[in-house]
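Before any comments, here is the structure.
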Amino acid sequence: MNHPPSLPRQAPDADRRRWLAAAALLPAAAALNPRPAAAARLPTRAHVVIAGSGLGGIAVANRLSAALDGVRITLVDRKEEHNYQPGYTLVATGVWPVSKVRDRNADFHPEGVEWVHDMVAEFDPASNSLVTAGGRRIAYDYLVVATGVHLDYDQIEGMDVTAIGRHGLASVYNGPQAAEATWSAMREFAERGGEALMTLPATPLKCAGAPLKTTFMLRDRLRQAGTLERSRVTFMSAPKNVFGVKPVNDNVLERWQQLGIAVETGQRLAAVDIGAQRASFVGADGRRTERGYDFLHVVPPMRAPDVVRNSDLACKDGPFAAGGWLEVDKTTLRHRRYANVFGVGDINGTPRGKTAATVKKSAPVVVHNLVQLIAGAEPDAVFDGYTSCPLITREGSAMLIEFDYEGRLTPSLPMIEPLQDSYFAWLMKVRLLKPAYLSVLKGRV
């Protein structure tokens, strides 16, 4: 996936001294998260079932395999391909080829795991069992739910994910092919210029920074192609902000004002006429307006998959009930009503934390607390909601945003200002984070 001649790569930051100082910190940064010393494995005959084989499910499987001697681990998921989802924005904006986000799931499973090549069709926590789509009932002693989210494109009238890449339609979320097709649509748009509409729903999102990164990079592609002056980029946000952490939200809005990116809040994408290239938005007052576009980036509303939403594991009240999210204690990640059930990753009904970085910090908490239960003790590890978002601001520059449940910025690397973009943060996103992700997947960090 090479850049066309009209879209040359941008040189790195002029301030190399900042990069060199940051690069010198790489060994220290690695030391902040060393692999823990091997502890004595706890003998057990427990059966742990993990529903889902994304980053969270496989990371937990590897950690449990290392922590427990004699444990039986069953992984339920029919997915053969493992996708590095944090790389979708790099594919969708022409930085990476699609091959860099595709791997084989089986390559990351711990030895001895039982892999059931099927999807969960029903959770029956009252009987400590689940049922697969093929009708197999699997009993468990402990359950870890790692099903991820459901991309609810159906909430947008007229939306057709098979049309992504054509008629100016883009969406980074719907898998590797959609990310690659999004780059095709973006490249064509950048060569011509025109009217771009970038959208954001009001539901919880996985990788909530992706819509912002895509917007920044679209504007940069227009600049590189020389079509910026005859183009307009407008960010249409259903909520009243563009990001849930106020310092980040304010920083992005200030940058967009300087870059000429317009923002309209309280505007929910309700329908799209793909052939006519028209999008309909519903405002906070219920009024419907229609806009033409040359490029439309669709971010779908998100919710829990039906198998969780329609089960007794889903939140029954509170802010996460509407989406059917998994009802867990936000600190221990243990289910509030079923003591032998835990959640990891995007499925959890927690205030923040639907990123790969969240799994990096939360998977060890889940495994520690589950091992505590098996040993006859109460969970005592606490998760603070840590989330990280390397927020690309242009090709060659990004901000490294880290925050917790309370929306407090929690920078972890010395000399890296969280709201200051740098080449080092870009380098982390493009070169360093996938190896770190694979270490998390294998249970090493």
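Only the coordinates and a few stated rules stand behind these numbers; no lab work does. Everything numeric here is computed off the predicted structure, so don't read it as measured data. Please note: Cβ atoms are built from the backbone with ideal geometry, for glycine as well, and neighbour counts cover all protein chains shown.
Taking the Cα centre of each part, how many Å lie between the stretch 279-342 and the stretch 178-216? A separation of 21 Å, based on Cα centres. Among 198-206, 310-318, 90-98, the peptide with the highest mean count of other Cβ atoms within 10 Å heads the list, and the full ranking is 90-98, 198-206, 310-318. Here r is the Cβ-Cβ distance between His368 and Ala163 and R0 is 41 Å; the resulting FRET efficiency, rounded to 0.05, is 0.35.
Under 17 Å of direct C-alpha separation, and excluding same-chain neighbours fewer than eight residues apart, Lys442 reaches these aspartates and glutamates: Glu80, Glu81, Asp103, Asp107, Glu111, Glu114. Among Thr289, Thr355, the ranking by other beta carbons within 10 Å of each residue's beta carbon, starting with the fewest, stands as Thr289, Thr355.
Charge dipole of the chain (Cα centre as origin; +1 on each Lys and Arg Cβ, -1 on each Asp and Glu Cβ, all else neutral): 820 debye, rounded to the nearest 20. Between Val282, Val48, Val76, the Gaussian network model of the chain with springs among Cα atoms under 10 angstrom shows the greatest mean-square fluctuation at Val282. Computed over the chain with a Gaussian network model linking Cα atoms closer than 10 Å, the most mobile of Leu391, Leu253, Leu64 is Leu253. Solvent-free Debye calculation, one equal scatterer per alpha-carbon of the stretch 352-402: log10 I(q)/I(0) at 0.16, 0.26, 0.31 Å⁻¹ equals -0.56, -0.91, -1.06. Looking at Leu253, Gly168, Gly275, which one has the Cα that reaches farthest to the positive end of the dipole of the stretch 153-302 (charges on Cβ: Lys, Arg +1; Asp, Glu -1)? Highest projection toward the positive end goes to Leu253. For the chain, a Gaussian network of Cα nodes joined below 10 Å ranks Tyr88, Tyr386, Tyr153 by mean-square fluctuation, and the top entry is Tyr153.
The length gained by stretching the chain between Arg136 and Glu80 to full extension, at 0.36 nm per residue less their Cα-Cα distance, is 18.2 nm. Determine the relative contact order of the chain: mean sequence separation of Cα pairs under 8 Å and six or more apart, normalised by residue count, in whole percent. Across the chain, relative contact order equals 18 percent.
Computed over the chain, the alpha-carbon pair-distance distribution with 10 angstrom bins reads 4, 21, 31, 26, 14, 4, 0, each value a whole percent. Once the Cα-Cα distance is subtracted from the 0.36 nm per residue extended length, the Gln257 to Glu191 segment shows a gain of 21.4 nm. Extension gain for the segment Met415 to Ala106, taken as residue separation times 0.36 nm less the Cα-Cα distance, is 107.4 nm to one decimal. In the structure displayed, which of Lys330/Lys429; Lys246/Lys434; Lys206/Lys434 lie more than 20 Å apart, Cα to Cα? Lys330/Lys429; Lys246/Lys434, as the Cα separations exceed 20 Å there. Percent of alpha carbon pairs in the stretch 153-302 separated by more than 20 Å? Taking all Cα-Cα pairs of the stretch 153-302, the fraction more than 20 Å apart is 43 percent. From its DSSP helices (H runs of at least four residues, each -39,500 (n - 2.57)), the chain gives a residue-normalised ellipticity at 222 nm of -8000 deg cm²/dmol. Per the Debye formula on identical point scatterers at the alpha carbon atoms of the stretch 118-236, with no solvent, log10 I(q)/I(0) at q = 0.11, 0.12, 0.21 Å⁻¹ is -0.53, -0.59, -1.18.
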